[in-house]
1. Looking for whichever is aliphatic (A, V, I, L, M), out of contact with any helix residue (DSSP H, G or I) (no Cβ under 6 Å at 6 or more places or on another chain), surrounded by 18 or more Cβ atoms within 10 Å (Cβ to Cβ) and more than 25 Å from residue 133 (Cα to Cα) here; the options are 83, 87. Which one fits?
2. Residue pairs, Cβ under 6 Å, 6 or more apart or interchain, first in segment 128-139 and over 16 Å from residue 56 (Cα atoms) and of a type in the set (Lys, Arg), second at pLDDT below 95 and surrounded by 15 or more Cβ atoms within 10 Å (Cβ to Cβ). List them.
3. Could you please tell me which pairs satisfy a Cβ distance under 8 Å, a separation of 6+ or placement on different chains, a first residue in segment 109-127 that is without any contact (Cβ under 8 Å) to a residue 60 or more places away in the chain and more than 16 Å from residue 48 (Cβ to Cβ), and a second residue that is open to solvent by less than 20 Å² (accessible area, probe 1.4 Å) and of a type in the set (S, T, N, Q)?
4. Limited to segment 90-120, what total is found for residues that are more than 19 Å from residue 152 (Cα to Cα), surrounded by fewer than 14 Cβ atoms within 10 Å (Cβ to Cβ) and not acidic (Asp, Glu)?
5. Which one is modelled with the highest pLDDT among residues in segment 123-132 that are exposed (fewer than 12 other Cβ atoms within 10 Å of the Cβ) and in contact with a Ser or Thr (Cβ under 7 Å, 6 or more places away or on another chain)?
Amino acid sequence: MDTFMNLLHLMRRRKKWKRGVVFAILTAFLVLGTIGCSEKEEIPEDKIKDIDFTVVGEDQQPDSLKDIIAEKYADPFQISYTLGEELYIAVGYGEQPSGGYSISVNAFYETEDTLVIDTTLIGPGKAENVTKTPTRPYIVVKTENIADKMIEFK
């Protein structure tokens with residue numbers, strides 16, 4: 001009878017252990033599923049369409065825009081400049097401690113009332129050999145002039 005009781009006790013412990021394993025696996029799937037969903041890119045609800053643009057170098061910028069940038073580029077700035085059928089948008093991040101910085105355009109799109117441009121300053125990589133001279137990174141993009149739209153910088 002003692003052996004039967006021991007066997008019954010072992011079976012109950014094994015069932016608890018199995019329930020614990022199943023619970024842990026289900027919890028892991030739930031957590032991973034939640035993390036995976038939260039990392040999806042958010043699409044703005046009011047976005048109409050993406051805007052085509054070209055990043056332009058200093059030699060392709062109108063002289064009057066270059067003059068405005070030269071006055072402002074020591075500090076962070078956001079400029080829109082219209083010249084005929086072309087719209088130039090310039091974003092600067094002010095003085096940085098070294099070289100090796102770049103700027104990415106994460107999104108540029110149109111809503112009903114605005115043009116939205118989202119940029120990010122990217123610092124130099126750890127292994128990157130950069131100058132220790134301060135720099136003033138900025139980016140200028142050119143697109144067609146879309147009338148009557150405010151520009152929202154992100």
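1. 87
2. Going by the 6 Å Cβ cut-off, the qualifying pairs are 136/73.
3. Correct list of pairs: 124/98.
4. Selection size over segment 90-120: 2.
5. Residue satisfying both the conditions and the ranking: 132.
The values are calculated or read from the model by the stated rules, or taken from the named source; none is laboratory data. Nothing here was measured: the structure is a model prediction, and the numbers come from that model. Here Cβ is always computed from backbone atoms with ideal geometry, including for glycine, and neighbour counts include all displayed protein chains. Only protein heavy atoms, including side chains, enter the accessible area calculation; ligands, DNA and RNA are left aside. Shrake-Rupley method; radii C 1.70, N 1.55, O 1.52, S 1.80 Å.
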